[in-house]
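These notes concern the structure reproduced below.
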Amino acid sequence: MPSRKLIIDGKEIEADDNLTLLQACEQTGAEIPRFCYHERLSVAGNCRMCLVEWVGAPKPQASCALQVRDIFPNRDGTPARINTDSPIARKAREGVMEFLLINHPLDCPICDQGGECDLQDQAMGYGRAAFNRFHENKRAVEDKYMGPLVKTVMTRCIQCTRCVRFATEVAGVNDLGATGRGEDMEITTYLEKAFASELSGNVVDLCPVGALTSKPYAFNARPWELRKTDSIDVMDAQGCAIRVDTRGPQVMRVLPRLNEAVNEEWISDKARHACDGLVRQRLDRPYVRRSGKLQPATWAEAFAAIAAKVSSTTPDKMAAIAGDLAAAEEIKALKDLMGSLGVKNLDCRQDGAQLGGERQSYLFNTTIAGVEAADAILLVGANPRWEAPVLNARIRKTWSNGNVQIAGIGVTHDQTYPVKNLGASVEVLDQMANGSHAFAKVLHDAKRPMVIVGADAVARKDGATILRLAAKIAADTGMIGPAGTAAEGGWNGFNVLHTAASRVAALDLGFVPGEGGRDVAGIIGGAQKGEIDFIYLLGADECDVAHLGSAFVVYQGSHGDAGAHNANVILPGAAYTEKEGLYANFEGRVQPAHRAVFPPGEAKEDWAILRALSDVLGKRLPYDNLDALRAAIVADAPQYADHHEVVPHAGATQTNWANVGASGPLDTAHPLASTMTDYYLTNPIARASVTMAECSRVFVTGQSKMAAE
């Protein structure tokens with residue numbers, strides 16, 4: 001790439017022409033203050049805080065808006081000299097800071113952004129030491145309504161427009177903008193409507209002052225009071241990197257962590273704000289149903305009730321279902337315990353998804369970062385905006401940056417980018433598999449095409465057939481290349497978009513029916529007929545747990561949701577913030593979640609409950625600590641030894657894909673579509689959250705409907 005030499009603070013460097021001067025300065029180690037500039041947003045040049053001295057220029061330069069290619073050498077041919085900390089640059093920044101503070105209210109002691117405020121920090125580092133010279137009354141701005149998640153104090157706003165650019169460029173909604181000019185300029189949602197995006201909470205992180213703060217978190221804690229724990233989000237299957245902030249025994253807030261390969265620096269509103277559900281509807285002690293009522297019990301009494309039922313039945317009448325939030329550890333422990341009892345009726349696919357077999361047949365093989373290399377995308381019965389909002393932002397980024405063609409079968413929701421509607425009939429998929437559809441040629445001609453099969457598409461009765469047709473399209477249009485990810489020179493464009501955080505780990509560990517075993521539908525049907533009389537629910541609330549007949553139900557989980565209401569014995573487990581656990585996201589990346597707080601009351605870590613139960617049942621599991629359990633997991637699935645990495649798949653050839661799914665008739669009577677009806681209430685933690693209930697009321701069932709419009 002073209003480059004040119006610059007002398008920055010006395011150091012000569014060779015900078016890429018495409019860089020901004022601010023980026024070039026930071027390459028030399030210089031610190032450039034800024035308010036409006038952000039690496040993931042377009043350049044606005046609003047705040048002027050990043051002024052530097054270009055020796056010989058008539059005035060200081062805004063380094064964020066000046067590219068290296070625009071800096072010409074001196075007349076004698078020597079490189080241009082840039083000073084970032086000269087008296088001229090310092091005086092310019094002091095002047096800018098003074099102007100920014102003219103109308104800014106001096107409410108730092110009560111501002112929720114105190115301690116995490118860029119303006120506060122930079123006023124100390126780059127402001128004038130003298131008193132303010134302006135004595136006129138400060139301007140006041142009316143606060144704006146932005147919905148249940150974002151609190152506004154717009155008098156503090158310095159019009160950096162980060163929030164506006166994020167809404168337009170990343171979130172893909174035009175809800176935020178500016179009205180007025182000069183002193184009358186205000187950031188607003190125009191008609192006082194809610195900021196209708198599943199990513200709206202990120203504007204709080206972007207705001208460099210206290211104009212936009214978290215409404216649910218307001219006045220709850222100060223940042224220096226909090227203990228910070230790195231973890232992984234489980235509200236969807238993307239596995240976004242998060243930081244859990246706690247005070248004492250309570251989770252106070254969840255913030256994003258930087259992870260370029262997974263979530264960049266964004267997280268969804270559900271990941272950020274469902275944390276208040278961690279303290280509501282909690283199961284904090286064992287319960288046993290006596291005389292038709294659930295009554296408190298000791299652990300020994302609960303285990304004894306389970307042992308009595310197990311001893312009175314046979315393995316063919318027993319079953320276990322793993323829920324959507326379970327970590328790999330408890331999935332492995334439950335599988336081993338059921339295996340030791342001879343139980344083959346196991347399943348993790350609460351929605352009935354017809355997935356299994358080779359690992360690459362149920363993964364998001366392109367990888368999340370690999371989406372940016374795609375030039376043609378086919379969505380099959382998926383709604384990424386609700387099923388994986390941060391992935392959807394990555395798809396939008398790909399559309400914004402390049403010439404990618406996106407089409408959808410059964411995609412009825414607004415995805416924040418143009419999607420060519422190919423209809424909702426599964427016959428369209430059949431036509432594409434046969435090469436008779438026009439978009440099949442688009443995929444064939446593309447250099448890096450990809451298909452994204454939604455979880456609901458493979459959960460239909462003809463799900464296995466849909467999976468086979470999608471795999472055939474992938475094989476016939478050149479989506480399957482050499483082994484490895486796009487970053488490694490290969491390409492695999494076949495992707496399944498899961499919505500359950502536990503699904504990939506459960507499939508990896510083989511938590512599926514054994515030979516002759518029943519799947520979820522078979523387990524529920526058998527329970528209604530009396531053929532299944534013992535069911536172990538590991539946090540399973542999303543299947544039809546209300547119709548299990550007279551079966552003896554053991555529910556192990558963290559919340560009093562549907563599964564607990566229909567249980568005979570309740571074993572209180574730990575939520576994802578209360579245990580050490582491994583989660584594999586939909587691209588197969590194994591990531592550890594860490595304990596931020598301890599489980600409430602008598603609740604225990606889930607794998608430890610199963611280990612203790614195995615003793616009572618006389619089938620002692622062969623691991624007494626987490627390290628031994630993880631070693632057993634690695635023995636079953638070696639890729640679990642590599643955390644934070646996507647392990648490339650060997651042999652991603654067309655031959656492998658011929659066995660994906662199954663042949664069968666298509667259900668043409670029912671159109672393809674995502675069946676997620678409420679993004680905010682998809683799991684027990686979210687359903688226990690007051691904040692998520694309010695979001696559901698405002699955005700899904702209320703006046704500010706989004707995505708499903």
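The values are calculated or read from the model by the stated rules, or taken from the named source; none is laboratory data. Predicted model only: the values in this text are computed from it and were never measured. Here the Cβ positions follow ideal geometry from the backbone for every residue, glycine too, while neighbour counts run over all protein chains shown. Surface accessibility is based on the protein's heavy atoms, side chains included, excluding ligands, DNA and RNA. Shrake-Rupley method; radii C 1.70, N 1.55, O 1.52, S 1.80 Å.
What to note about this one:
- Region 184-220, residues that are among the small types (Gly, Ala, Ser) and under 25 Å from the mean Cα position of the chain (by Cα): ALA194, ALA196, SER197, SER200, GLY201, SER214, ALA218
- Residue check for GLY516: open to solvent by 10 Å² or more (accessible area, probe 1.4 Å) and either within 26 Å of GLY560 (Cα to Cα) or modelled with pLDDT under 95 (or both): yes
- Inter-residue pairs, beta-carbon under 6 Å, first closer than 22 Å to LYS335 by Cα and in region 636-650, second modelled with pLDDT under 90, 6+ apart: GLN639/VAL647
- Taken over region 154-189, the criterion of being in a strand (DSSP E or B) and either open to solvent by less than 40 Å² (accessible area, probe 1.4 Å) or among the charged types (D, E, K, R) (or both) is satisfied by GLY177, GLU186, ILE187, THR188.
- The residue of region 655-696 that is modelled with the lowest pLDDT, among those that are hydroxyl-bearing (Ser, Thr, Tyr) and more than 25 Å from ARG460 (Cβ to Cβ), is THR655.
- Subset tally (residues that are over 22 Å from the mean Cα position of the chain (by Cα) and part of a loop (DSSP other than H, G, I, E, B)) for region 384-417: 4
- Tally, over region 325-336, of residues that are open to solvent by 30 Å² or more (accessible area, probe 1.4 Å) and in a loop (DSSP other than H, G, I, E, B): 1
- Checked against (1) surrounded by 21 or more Cβ atoms within 10 Å (Cβ to Cβ); (2) of a type outside the set (S, T, N, Q); (3) within 30 Å of ASP175 (Cβ to Cβ); (4) out of contact with any helix residue (DSSP H, G or I) (no Cβ under 8 Å at 6 or more places or on another chain), ILE452 passes all but a single condition, namely (4).
- With a requirement of 3 or more residues that are open to solvent by 10 Å² or more (accessible area, probe 1.4 Å), the strands (runs of 3 or more DSSP E) lying completely within region 9-111 that satisfy it span 11-16, 51-54.
- If the condition is being of a type in the set (Ser, Thr, Tyr) and buried (at least 20 other Cβ atoms within 10 Å of the Cβ), then region 190-202 contributes SER197, SER200.
- One residue alone among LYS151, LYS138 is in a strand (DSSP E or B) and surrounded by 12 or more Cβ atoms within 10 Å (Cβ to Cβ), and that residue is LYS151.
- All positions within region 524-540 that are open to solvent by less than 10 Å² (accessible area, probe 1.4 Å) and in contact with a strand residue (DSSP E or B) (Cβ under 7 Å, 6 or more places away or on another chain): ALA527, ILE532, PHE534, ILE535, TYR536, LEU537, LEU538, ALA540
- Within region 337-359, the set of residues being crowded, with 24+ Cβ neighbours inside 10 Å and not in a loop (DSSP other than H, G, I, E, B) comprises LEU346, ASP347.
- For region 259-277, the set of residues classified as assigned to a helix (DSSP H, G or I) and within 12 Å of the chain's Cα centre (by Cα) consists of ASP269, LYS270, ALA271, ARG272, listed by residue number.
- Any helices (runs of 4 or more DSSP H) falling wholly within region 423-522 and containing at least 2 residues that are under 24 Å from PRO665 (Cα atoms): 426-433, 438-445, 463-476
- Matching entry among GLY95, GLY29, GLY77 (being modelled with pLDDT under 90 and not charged (D, E, K, R)): GLY77
- Evaluated against (1) open to solvent by less than 60 Å² (accessible area, probe 1.4 Å); (2) touching a residue at least 40 places away in the same chain (Cβ under 8 Å), ALA271 falls short on exactly one condition, (2).
- As for region 414-423, it holds at least one residue that is open to solvent by 10 Å² or more (accessible area, probe 1.4 Å) and at positive phi.
- Region 372-383, residues that are surrounded by fewer than 24 Cβ atoms within 10 Å (Cβ to Cβ) and not in a loop (DSSP other than H, G, I, E, B): GLU372, ALA373, ALA376
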